[in-house]
Amino acid sequence: MSYHKTSLADRIDWLLIIMYLALTIIGVLCIYSVEHRDTDIGFFIKNKNYVQQFIWFSISIVVGFVIIMMDSKFITTIPFLSYVVGFFFLLLTLTPLGKAVKGSSSFLNLGFFTFQPGETMKLFTALSIAKFLTLQEVNFQTLKHRLMCAGIALVPLVYIMLFQNETGLALVYLSFFIAMYREGLPREIIIVGFSVLILTLATLLINKNILFVLFTVLAILFLYTQRKQLRKRREILILVGAVWFIAVLFSQVLVPFAFKKVLKGYQVQRIYTMLGQEVPDEYTREGVDNKKQNAADYNVSQSKIAIASGGFIGKGFLNGAQTQYNWVPEQRTDFIFCTVGEQFGFLGSSILILIYMSFLLRIVKVAERQRSAFSRIYAYCVAGILFFHLVINVGMTIGLAPVIGIPLPLLSYGGTSLLTFTIMIFILIRLDMDRQMVLR
């Protein structure tokens, strides 16, 4: 039987749907376990968050079914328009329609519906990057088109960082560089990115004067070991000198400037708390309200206590004292992972992470079997987004990453997040159903 004559059901990747359903149902049950009380009568209790999440789950399933039934060619026609519309909604958060939630001005109140445009913008950005890179006039090997593609990802990032106070949400937009790397972004750019990260950490952990001496000594030692080559290739001296100058400039000027003038006081505190260090006097701000950081430290501390108390097999469903009695703030959203850790222990947490990793690997496999570059690029964008969310959220709950407010995909409470991830995943499933077609 030819590919085009097979039914829709036969072309659906049911493994992706099964893992999606598993993660979403686990999420509803986790939220239920946090809010359940022995005095509750029945499951559907008004104003309970798990009921709201179940309703959003039901809506998401309907939306997913609609996406599966639509023409895949329609998906390739909407990326740039959706990007413009999505950014328009981002701008609306600065108007009276914007709603501040827990210090973040990233929500939009439409009266009958409140949502976070930055979440949906991730979907529109993924579609737009896939569309841009498959335009016939685009050559990703040129600097011009690489910068344009990077701009599609970085414009929402910069806007969210500057105007919405959502560091975690903004950083997720860096995940699109994974798809760009798959499509030919030079590895040197990735190396430079990691070098900047390592250099920043070194600047924060080592005294500036010691770091200056260290860079100088390393440069001299390298030149000494290459002294024979220097006679033949003078460009080595220029290259080492340039690297030394950039490293010194970065550590002595740029990082201190960013921590003094660009980052806010509580952001500086979060970074140093993650590193287990006290904030140096030079970065301490007068009049800084430490309540946010104290709350973040408390959240992480309680989260680690909850996870540790679960032991190997956990305390059992509905038996989590830390999570069920609100010792861990934000345990329905950002710290949902500690609910799994306390009630199902190391074993349950490992199984959950295994499901996530299997989900990611399946998406990568789906990406690589696409005949259409649009579908492949979009699939890698989805994988990158999920990967960033997973690593940062889990790292945050166990104290390995700063508390920057980022949900665990499909598990954390939130209608916008659940619906966005659902649409994102089901668009991928719909594109995969036509994997033998070339979509543009």
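The values are calculated or read from the model by the stated rules, or taken from the named source; none is laboratory data. Quick caveat: nothing in here was measured; it's all calculated off a predicted structure. All Cβ positions, even for glycine, are placed from backbone atoms using ideal geometry, and neighbour counts span all protein chains on display.
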field: Sole residue being surrounded by fewer than 22 Cβ atoms within 10 Å (Cβ to Cβ) and not charged (D, E, K, R), chosen from L390, L410, L431
entry: L390
- line: Those residues of segment 327-349 which are under 17 Å from I25 (Cα atoms) and assigned to a helix (DSSP H, G or I) amount to F337, C338, T339, V340, G341, Q343, F344, G348, S349
- prompt: Would you pick out the residues in segment 39-60 that are in a helix (DSSP H, G or I), β-branched (V, I, T) and out of contact with any Gly (no Cβ under 9 Å at 6 or more places or on another chain)?
  reply: V51
query: Would a scan of segment 112-130 turn up a residue that is in a helix (DSSP H, G or I), acidic (D, E) and within 28 Å of A373 (Cβ to Cβ)?
result: yes
task: Return a yes/no flag: does segment 126-145 have any residue that is within 16 Å of the chain's Cα centre (by Cα), modelled with pLDDT of 90 or more, within 22 Å of F426 (Cβ to Cβ) and not hydroxyl-bearing (S, T, Y).
output: yes
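Could you check segment 358-374 and list, in sequence order, the residues that are assigned to a helix (DSSP H, G or I) and surrounded by 21 or more Cβ atoms within 10 Å (Cβ to Cβ)? Please lay out each step first, then the result.
Just the residues of segment 358-374 that are assigned to a helix (DSSP H, G or I), to begin with: 358-368, 373-374.
Across segment 358-374, the qualifying residues are F359, I363, V366, A367, F374.
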- prompt: Looking at I423, I429, I404, which is the one that is in contact (Cβ under 8 Å) with a residue 24 or more places away in the chain, under 28 Å from Y272 (Cβ atoms) and in contact with a Gly (Cβ under 9 Å, 6 or more places away or on another chain)?
  reply: I404
query: Of these, I210, I206, I160, I220, which one is within 26 Å of L81 (Cα to Cα) and either surrounded by 15 or more Cβ atoms within 10 Å (Cβ to Cβ) or over 20 Å from the mean Cα position of the chain (by Cα) (or both)?
result: I160
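Yes or no, residue by residue, for (1) under 30 Å from G316 (Cα atoms); (2) in contact with a Gly (Cβ under 9 Å, 6 or more places away or on another chain); (3) assigned by TED's automatic domain parsing to the domain that holds P407:
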| site | (1), (2), (3) |
| --- | --- |
| I17 | yes, yes, yes |
| I25 | yes, no, yes |
| I31 | yes, no, yes |
| V34 | yes, yes, yes |
| V62 | no, no, yes |
| D71 | no, no, yes |
| L108 | no, yes, yes |
- prompt: Among (1) buried (at least 18 other Cβ atoms within 10 Å of the Cβ); (2) assigned to a helix (DSSP H, G or I), which single condition is S106 missing?
  reply: (2)
message: Please determine whether any residue of segment 397-404 is part of a helix (DSSP H, G or I) and either touching a Cys at 6+ places or on another chain (Cβ under 6 Å) or assigned by TED's automatic domain parsing to the domain that holds A126 (or both).
response: yes
- prompt: Which ones in segment 300-326 are modelled with pLDDT under 85, outside any helix (DSSP H, G or I) and hydrophobic (A, V, I, L, M, F, W, C)?
  reply: F317, L318
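Please indicate, with yes or no, whether at least one residue in segment 7-14 is in a helix (DSSP H, G or I), modelled with pLDDT of 90 or more and in the same structural domain as T134 (by TED's automatic domain parsing).
To start, the set of residues in segment 7-14 that are in a helix (DSSP H, G or I) comprises 8-11, 14.
Imposing the further condition that a residue be modelled with pLDDT of 90 or more reduces the set to 14.
Subset that is in the same structural domain as T134 (by TED's automatic domain parsing): 14.
Checked against the condition, which is being in a helix (DSSP H, G or I), modelled with pLDDT of 90 or more and in the same structural domain as T134 (by TED's automatic domain parsing), segment 7-14 yields at least one hit.
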